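Student: I have a structure I would like to understand better, so I am pasting it below and will then ask my questions one at a time.
The values are calculated or read from the model by the stated rules, or taken from the named source; none is laboratory data. Small disclaimer: the values here were computed from a predicted structure and weren't measured. Using ideal geometry, Cβ is built from the backbone for each residue, glycine included, and neighbour counts are taken over all protein chains shown. These area figures cover heavy atoms from the full protein model, side chains too; ligands, DNA and RNA do not enter into them. Shrake-Rupley method; radii C 1.70, N 1.55, O 1.52, S 1.80 Å.
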Amino acid sequence: MTPVTWHRLGRVEYPDGLELQQQFQAARRQGTVPDTLLLLEHPPVLTLGRGADRANVLRSADELERLGVALHETDRGGDVTYHGPGQLVGYPLLHLGPGRQDVRRYVRSLEEVVLRTLSDFGVTATRIERWPGVWVEASRLGGPRKICALGVHLSRWYTRHGFALNVAPDLAHFELIVPCGISEAGVTSMAKELPGGVPSLAEVEVRLLRRFGEVFECALVEAPPPLETVSVVVTDPGGGRVLLLRRTAARGGFWQPVTGRLEPGERADVAARRELREETGFEAPVHPLDVPHAFALGPLEGRPSVAREFPFTASVVGAEVRLDPAEHDAFEWVTPDEAVRRVPWAGLARAVRSATRA
């Protein structure tokens, strides 16, 4: 059977998820990784597919920002959709070889994976020919309602994007849009269709992986867990300025907060205080920010390298910054907006926003 390596990533910012897909697809083209399936959640975000009508976004950009919902254009098929916590997102990065090079068959196969997974939990779902996705035709909420959105992109039979299964998301966020441009029907979730108790995302992942292996006739191999890292957003006491450090040219030359790897067996808060001391000379309490996230560190030997980061914040008054010249060659205190513009990953940008709001 063809092997497919799957990754459990947890929370991933949407732009960082796009970068992960691009790196894995590029590596698959080069033959340095096998077919891959990424399983993850996104923070609240609206995404516009290639065929999207912006009129199907029902709130202004300012309103979305106040609600903490991002908006991104993307190259998948379809109209506008919503992603958020409680939704299991799957991105298959596959090569469809001879005998499998049929877009309709591929989409039907993804639908079949979801249909079988839902059936395992007692949810009766189906296809509705005139509408894409997976549907509960007689929802407990009334009428036909979509429970899983699909949107894919194929290039020379290499796949990106995939499916988003509503396990227990905040359905109120779907009221910000006309989901997939379909005004005649609503949206539901496993939580709404199973009022006696909703399974966890991890439980749904296990069943979905089994069904994915059946439908695609592949052997699923779990990837090693991501590299674990920490970040520390250092602010002045009022939160009006953020400390950024510039990595040396040999290490990328970009600006970022304090970052570093966890040592084996090390607690995240201990690692955060150690990195703060080693990279700046500061001795200060660190406080966790509830925005952990996974992202692509960058290709290593032609293979994507994935990290899961645990962000912290620290407030410092009047201390001298003492850089480690092997790591960084400059520092600046900047406004939160400027820090958000400079950092290279969307997950770090969210950590900056969270630290300065706090």
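Student: Condition first: closer than 20 Å to W6 by Cβ and in a helix (DSSP H, G or I). Can you find one or more residues in region 119-134 that meet it?
Tutor: Looking for residues that are closer than 20 Å to W6 by Cβ and in a helix (DSSP H, G or I), one finds at least one in region 119-134, hence yes.
Student: Is it fair to say G97 is more than 22 Å from the chain's Cα centre (by Cα) and closer than 23 Å to V4 by Cβ?
Tutor: Yes; evaluated as a whole, the condition is true for this residue.
Student: Listed residues A307, A314, A355, A284; which is in a strand (DSSP E or B), open to solvent by less than 60 Å² (accessible area, probe 1.4 Å) and over 28 Å from T32 (Cα atoms)?
Tutor: After applying the criteria, what remains is A314.
Student: Looking at (1) open to solvent by less than 10 Å² (accessible area, probe 1.4 Å); (2) closer than 25 Å to P311 by Cα; (3) part of a strand (DSSP E or B), which one does V4 not meet, given that it meets all the others?
Tutor: All conditions pass for V4, except number (2).
Conditions (1) of a type in the set (D, E); (2) modelled with pLDDT of 95 or more, marked per residue:
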residue: E129; (1), (2): yes, no
residue: P132; (1), (2): no, no
residue: G142; (1), (2): no, no
residue: S155; (1), (2): no, no
residue: A164; (1), (2): no, yes
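Student: Within region 72-97, how many residues turn out to be in a strand (DSSP E or B) and either at pLDDT below 95 or not hydrophobic (A, V, I, L, M, F, W, C) (or both)?
Tutor: Adding up the residues that qualify gives 11.
Student: Condition test on R100, is it open to solvent by 10 Å² or more (accessible area, probe 1.4 Å) and either among the acidic types (D, E) or outside any loop (DSSP other than H, G, I, E, B) (or both)?
Tutor: no
Student: Looking at (1) exposed (fewer than 13 other Cβ atoms within 10 Å of the Cβ); (2) touching a residue at least 24 places away in the same chain (Cβ under 8 Å), can you tell me which one G31 breaks?
Tutor: The single condition G31 does not satisfy is (2).
Student: Specify the residue that is farthest from T188 (Cα to Cα); the eligible residues are those in region 122-161 that are open to solvent by 20 Å² or more (accessible area, probe 1.4 Å) and touching a Lys or Arg at 6+ places or on another chain (Cβ under 7 Å).
Tutor: Y158
Student: Right, something else. Among the residues of region 245-254, is any in a strand (DSSP E or B), crowded, with 20+ Cβ neighbours inside 10 Å and out of contact with any Cys (no Cβ under 8 Å at 6 or more places or on another chain)?
Tutor: yes
Student: In addition: L297: within 20 Å of A268 (Cα to Cα), open to solvent by 50 Å² or more (accessible area, probe 1.4 Å) and not small (G, A, S), yes or no?
Tutor: Yes; evaluated as a whole, the condition is true for this residue.
Student: If I filter region 255-281 down to residues being in a strand (DSSP E or B) and of a type in the set (V, I, T), which single residue comes out as least open to solvent (accessible area, probe 1.4 Å)?
Tutor: Applying the filter and picking the extreme gives V258.
Student: Hey, another quick one. Could you tell me which numbered condition L40 fails, if it satisfies all but one of (1) under 21 Å from the mean Cα position of the chain (by Cα); (2) on the phi < 0 side of the Ramachandran plot; (3) open to solvent by 10 Å² or more (accessible area, probe 1.4 Å)?
Tutor: (3)
Student: What are the residues in region 217-233 that are open to solvent by 50 Å² or more (accessible area, probe 1.4 Å) and touching a Ser or Thr at 6+ places or on another chain (Cβ under 6 Å), if any?
Tutor: V221
Student: Same structure, new question: Kindly indicate whether T356 is β-branched (V, I, T), within 29 Å of the chain's Cα centre (by Cα) and at pLDDT below 95.
Tutor: Criteria met by T356.
Student: Without any contact (Cβ under 8 Å) to a residue 40 or more places away in the chain and among the acidic types (D, E), is that true of E263?
Tutor: In short, yes.
Student: Under the condition of being in contact (Cβ under 8 Å) with a residue 40 or more places away in the chain, touching a strand residue (DSSP E or B) at 6+ places or on another chain (Cβ under 9 Å) and more than 24 Å from Y91 (Cβ to Cβ), which residue from region 54-70 is surrounded by the most Cβ atoms within 10 Å (Cβ to Cβ)?
Tutor: Here the answer is R59.
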